[in-house]
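The values are calculated or read from the model by the stated rules, or taken from the named source; none is laboratory data. What you see is a predicted model; the values in this text were computed from it and never measured. Cβ: placed from backbone, ideal geometry, glycine included. Neighbour counts: every protein chain shown. Accessible surface areas use protein heavy atoms only, side chains included; no ligands, DNA or RNA. Shrake-Rupley method; radii C 1.70, N 1.55, O 1.52, S 1.80 Å.
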Amino acid sequence: LYRSNAMRVNFLGQDRPELQFACRELAKGMKTPKRRHMGMLRRVARFLRRYPRLIQKFPAQGHVGRLDVWVDSNYAGCIRTRKSTMGGVIMIGKATIKTYCKGQAVIALSSGESEYHGLVSGISQGLGEKAMLADWDINVDVQLWMDATAGIAIGSRRGLGRVKHIDTVFLWVQEIVRQGRVKIGKKDTKEMLADMLTKALTGPEIEK
(Lines give C-alpha, C1' and ligand atoms only; values in the text may rest on other atoms or scores of the structure.)
Protein backbone atom coordinates (compact mmCIF):
# COMPACT_ATOMS: atom_id res chain seq x y z
CA LEU A 1 0.00 0.00 0.00
CA TYR A 2 2.79 2.42 0.91
CA ARG A 3 4.86 1.76 -2.21
CA SER A 4 1.87 2.08 -4.53
CA ASN A 5 0.74 5.40 -3.08
CA ALA A 6 4.27 6.79 -2.78
CA MET A 7 4.71 6.21 -6.51
CA ARG A 8 1.38 7.92 -7.18
CA VAL A 9 2.78 10.98 -5.40
CA ASN A 10 5.98 10.64 -7.42
CA PHE A 11 3.93 10.63 -10.63
CA LEU A 12 2.14 13.82 -9.56
CA GLY A 13 5.46 15.38 -8.53
CA GLN A 14 6.64 15.48 -12.14
CA ASP A 15 4.26 18.40 -12.73
CA ARG A 16 3.94 19.75 -9.18
CA PRO A 17 7.17 21.25 -7.83
CA GLU A 18 5.82 21.58 -4.29
CA LEU A 19 5.62 17.77 -4.04
CA GLN A 20 9.16 17.02 -5.17
CA PHE A 21 10.80 17.31 -1.75
CA ALA A 22 8.11 15.09 -0.24
CA CYS A 23 8.63 12.58 -3.09
CA ARG A 24 12.31 12.35 -2.28
CA GLU A 25 11.61 11.72 1.41
CA LEU A 26 8.95 9.12 0.62
CA ALA A 27 11.32 7.31 -1.73
CA LYS A 28 13.68 6.66 1.20
CA GLY A 29 11.11 4.25 2.62
CA MET A 30 10.45 2.25 -0.53
CA LYS A 31 12.74 -0.63 0.47
CA THR A 32 11.53 -1.13 4.04
CA PRO A 33 8.60 1.17 4.89
CA LYS A 34 8.32 2.11 8.56
CA ARG A 35 5.51 3.69 10.54
CA ARG A 36 7.14 7.13 10.14
CA HIS A 37 7.03 6.77 6.36
CA MET A 38 3.30 6.07 6.43
CA GLY A 39 2.91 9.17 8.60
CA MET A 40 4.68 11.25 5.94
CA LEU A 41 2.42 9.77 3.27
CA ARG A 42 -0.67 10.73 5.28
CA ARG A 43 0.58 14.31 5.57
CA VAL A 44 1.06 14.48 1.81
CA ALA A 45 -2.48 13.11 1.34
CA ARG A 46 -3.88 15.81 3.63
CA PHE A 47 -1.96 18.46 1.71
CA LEU A 48 -3.35 17.20 -1.61
CA ARG A 49 -6.86 17.16 -0.19
CA ARG A 50 -6.52 20.85 0.69
CA TYR A 51 -4.64 21.77 -2.51
CA PRO A 52 -5.94 19.32 -5.14
CA ARG A 53 -4.87 21.35 -8.18
CA LEU A 54 -1.89 23.33 -9.37
CA ILE A 55 -2.12 25.64 -12.36
CA GLN A 56 1.15 26.52 -14.03
CA LYS A 57 0.98 29.71 -16.06
CA PHE A 58 3.12 30.42 -19.11
CA PRO A 59 2.26 34.05 -19.87
CA ALA A 60 2.70 35.55 -23.32
CA GLN A 61 5.97 37.48 -23.36
CA GLY A 62 8.43 38.84 -25.87
CA HIS A 63 12.01 37.71 -26.30
CA VAL A 64 13.65 36.98 -22.98
CA GLY A 65 17.42 37.21 -23.01
CA ARG A 66 18.12 35.64 -19.61
CA LEU A 67 17.62 32.39 -17.75
CA ASP A 68 17.10 32.84 -14.01
CA VAL A 69 18.32 29.88 -11.95
CA TRP A 70 17.27 29.84 -8.28
CA VAL A 71 19.21 27.42 -6.05
CA ASP A 72 19.02 26.54 -2.39
CA SER A 73 20.54 23.89 -0.12
CA ASN A 74 19.48 22.46 3.22
CA TYR A 75 22.71 21.72 5.10
CA ALA A 76 22.79 18.20 6.60
CA GLY A 77 19.03 17.99 6.08
CA CYS A 78 18.94 14.18 6.32
CA ILE A 79 19.28 13.32 10.03
CA ARG A 80 20.36 9.75 9.22
CA THR A 81 23.06 10.29 6.58
CA ARG A 82 23.76 13.98 7.29
CA LYS A 83 23.80 14.62 3.56
CA SER A 84 22.41 17.90 2.31
CA THR A 85 19.43 18.38 0.02
CA MET A 86 19.59 20.84 -2.87
CA GLY A 87 16.86 22.18 -5.08
CA GLY A 88 16.55 24.51 -8.02
CA VAL A 89 14.07 26.44 -10.13
CA ILE A 90 14.86 27.54 -13.69
CA MET A 91 12.77 30.34 -15.16
CA ILE A 92 12.74 32.08 -18.50
CA GLY A 93 11.04 35.37 -17.92
CA LYS A 94 7.93 34.66 -15.84
CA ALA A 95 7.65 31.02 -16.88
CA THR A 96 9.08 28.16 -14.82
CA ILE A 97 10.53 25.57 -17.20
CA LYS A 98 12.29 23.21 -14.79
CA THR A 99 12.50 22.33 -11.11
CA TYR A 100 14.55 19.69 -9.34
CA CYS A 101 15.19 18.30 -5.87
CA LYS A 102 18.04 15.91 -5.14
CA GLY A 103 20.52 14.89 -2.49
CA GLN A 104 24.19 15.75 -2.53
CA ALA A 105 26.57 12.86 -3.11
CA VAL A 106 29.17 14.23 -0.70
CA ILE A 107 28.77 15.05 2.98
CA ALA A 108 29.34 18.80 3.26
CA LEU A 109 31.34 19.96 6.28
CA SER A 110 29.71 23.39 6.48
CA SER A 111 26.63 25.24 5.28
CA GLY A 112 28.82 27.27 2.92
CA GLU A 113 30.19 24.12 1.31
CA SER A 114 26.67 22.71 1.02
CA GLU A 115 25.47 25.89 -0.69
CA TYR A 116 28.47 25.81 -3.02
CA HIS A 117 27.66 22.27 -4.14
CA GLY A 118 24.12 23.49 -4.80
CA LEU A 119 25.57 26.36 -6.82
CA VAL A 120 27.63 23.92 -8.92
CA SER A 121 24.52 21.85 -9.64
CA GLY A 122 22.50 24.95 -10.52
CA ILE A 123 25.11 26.26 -12.94
CA SER A 124 25.33 22.82 -14.58
CA GLN A 125 21.56 22.80 -15.05
CA GLY A 126 21.52 26.39 -16.31
CA LEU A 127 24.28 25.82 -18.86
CA GLY A 128 22.46 22.71 -20.07
CA GLU A 129 19.27 24.68 -20.67
CA LYS A 130 21.27 27.45 -22.35
CA ALA A 131 22.86 24.93 -24.74
CA MET A 132 19.46 23.48 -25.62
CA LEU A 133 18.07 26.95 -26.37
CA ALA A 134 21.14 27.70 -28.49
CA ASP A 135 20.25 24.69 -30.65
CA TRP A 136 16.99 26.53 -31.38
CA ASP A 137 18.94 29.72 -32.18
CA ILE A 138 17.82 31.36 -28.93
CA ASN A 139 20.72 33.00 -27.13
CA VAL A 140 20.34 33.75 -23.43
CA ASP A 141 22.53 34.68 -20.48
CA VAL A 142 22.47 32.72 -17.22
CA GLN A 143 21.78 34.52 -13.93
CA LEU A 144 21.99 32.42 -10.78
CA TRP A 145 20.30 33.51 -7.56
CA MET A 146 20.97 32.18 -4.07
CA ASP A 147 20.58 33.39 -0.49
CA ALA A 148 23.94 32.18 0.87
CA THR A 149 26.77 34.70 1.04
CA ALA A 150 29.36 31.96 1.72
CA GLY A 151 28.35 29.96 -1.35
CA ILE A 152 28.58 33.07 -3.53
CA ALA A 153 32.01 33.89 -2.10
CA ILE A 154 33.41 30.42 -2.82
CA GLY A 155 32.00 30.44 -6.35
CA SER A 156 33.26 33.92 -7.16
CA ARG A 157 36.85 33.64 -5.94
CA ARG A 158 39.74 31.92 -7.68
CA GLY A 159 41.49 29.04 -5.98
CA LEU A 160 40.77 27.02 -2.86
CA GLY A 161 41.15 29.64 -0.15
CA ARG A 162 40.00 28.12 3.14
CA VAL A 163 38.13 25.25 1.51
CA LYS A 164 41.04 23.05 0.49
CA HIS A 165 39.06 19.95 1.40
CA ILE A 166 36.65 20.54 -1.51
CA ASP A 167 37.54 18.28 -4.42
CA THR A 168 38.98 20.19 -7.38
CA VAL A 169 36.34 18.58 -9.60
CA PHE A 170 33.90 21.19 -8.25
CA LEU A 171 36.11 24.22 -8.84
CA TRP A 172 35.47 24.58 -12.59
CA VAL A 173 32.55 26.85 -11.64
CA GLN A 174 34.97 29.55 -10.51
CA GLU A 175 36.40 29.78 -14.03
CA ILE A 176 32.90 29.90 -15.54
CA VAL A 177 31.99 32.81 -13.25
CA ARG A 178 35.30 34.60 -13.93
CA GLN A 179 34.66 34.37 -17.69
CA GLY A 180 31.27 35.99 -17.22
CA ARG A 181 29.36 33.03 -18.66
CA VAL A 182 27.27 32.91 -15.50
CA LYS A 183 26.50 35.72 -13.07
CA ILE A 184 25.76 35.08 -9.40
CA GLY A 185 23.45 37.28 -7.36
CA LYS A 186 22.07 37.25 -3.83
CA LYS A 187 18.41 37.17 -2.83
CA ASP A 188 16.83 37.40 0.59
CA THR A 189 15.83 34.06 2.09
CA LYS A 190 12.17 35.11 2.12
CA GLU A 191 12.31 35.57 -1.67
CA MET A 192 14.07 32.27 -2.43
CA LEU A 193 11.87 30.31 -4.85
CA ALA A 194 13.88 27.09 -4.42
CA ASP A 195 13.22 26.95 -0.68
CA MET A 196 10.31 24.52 -0.99
CA LEU A 197 12.51 22.06 -2.89
CA THR A 198 14.95 21.59 0.01
CA LYS A 199 12.85 21.45 3.17
CA ALA A 200 9.35 20.84 4.48
CA LEU A 201 7.10 23.92 4.41
CA THR A 202 3.49 24.52 5.34
CA GLY A 203 0.78 24.78 2.71
CA PRO A 204 0.40 28.59 3.02
CA GLU A 205 4.20 29.01 2.75
CA ILE A 206 4.29 26.92 -0.42
CA GLU A 207 1.33 28.78 -1.88
CA LYS A 208 3.06 32.10 -1.20
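The table that follows gives values for the structure above.
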item: Inter-label distance for residue 156 and residue 133, nm, one decimal - labels placed 7 Å from Cα along Cα-to-Cβ; result: 2.3
item: For region 1-148, with +1 on Lys and Arg beta carbons and -1 on Asp and Glu, the positive-most of 103, 41, 67 along the dipole; result: 41
item: Mean-position separation - Cα centroids, region 1-40 and region 45-120, in angstrom; result: 17
item: Extension gain (nm, one decimal) between residue 7 and residue 79, 0.36 nm per residue minus Cα-Cα; result: 23.6 nm
item: Gained length - residue 35 relative to residue 189, 0.36 nm times residue gap less alpha-carbon distance; result: 52.1 nm
item: Spin-label pair residue 45/residue 94, simplified geometry with 7 Å Cα→Cβ offset, distance in nm; result: 3.8
item: Amide H partners (placed H, <5 Å) of residue 67, local residues excluded; result: 141, 142, 143
item: Dipole of the chain, positive end: most advanced residue of 19, 29, 51 [Cβ charges, Cα centre]; result: 29
item: Amide H contacts under 5 Å for residue 72, placed H, 5+ residues apart; result: 87
item: Area accessible to solvent at residue 196, 1.4 Å probe radius, in Å²; result: 40
item: Selected from 44, 71, 173 as most flexible by GNM, with the chain as the system and alpha-carbon contacts under 10 Å; result: 44
item: Along principal axes, Cα extents of region 1-160, largest first, whole Å; result: 48, 43, 25
item: Simple spin-label estimate for residue 66 and residue 175 in nanometres, 7 Å along Cα-Cβ; result: 2.7
item: Candidate residues 107, 152, 138, 90: accessible-area rank, largest first, probe 1.4 Å; result: 107, 138, 152, 90
item: Size of electric dipole in the chain: Cβ of Lys, Arg +1 and of Asp, Glu -1, about Cα centre, debye, nearest 20; result: 1140
item: Accessible area, probe 1.4 Å, largest first, for residues 175, 205; result: 205, 175
